[in-house]
Amino acid sequence: MSPPTRPKVDGQLAGKLEALQCCFVLADCREPDLPITFASSGFYELTGYSPDQVLGKNCRFLQGPETSRQKIMEMRDAIREERTCEVAKKQGCTA
């Protein structure tokens, strides 16, 4: 069995996304389980994760026992409704 391929984001698009200087991830909603296809450098700095730990995974890996169920529902609703949403990191939380 061959290893799974990692989703890619075009280099030109990645450069433009990095210029936003925000902390975010992008997921491919056309693929099963919505794999993360891009994470900003701010996301890696904030969470301490590396691209190998993030790309190709579903955002659920970021959930922990203290994750707000309300925030999870907010994100699920945004995905279902095909709109953006912002969810703030809990202060004092460690990745």
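The values are calculated or read from the model by the stated rules, or taken from the named source; none is laboratory data. Since this is a predicted model, take the numbers as computed values, not measurements. When the accessible area is computed, the model is the full protein with side chains, heavy atoms only, and any ligands, DNA or RNA have been set aside. Shrake-Rupley method; radii C 1.70, N 1.55, O 1.52, S 1.80 Å.
Looking across region 27-67, the residues that are hydrophobic (A, V, I, L, M, F, W, C) and either open to solvent by 60 Å² or more (accessible area, probe 1.4 Å) or more than 17 Å from C85 (Cα to Cα) (or both) come down to C29, L46, V54, L55, F61, L62.
Residue count for region 1-37 under the criterion of being modelled with pLDDT of 90 or more and either in a strand (DSSP E or B) or among the small types (G, A, S) (or both): the result is 2.
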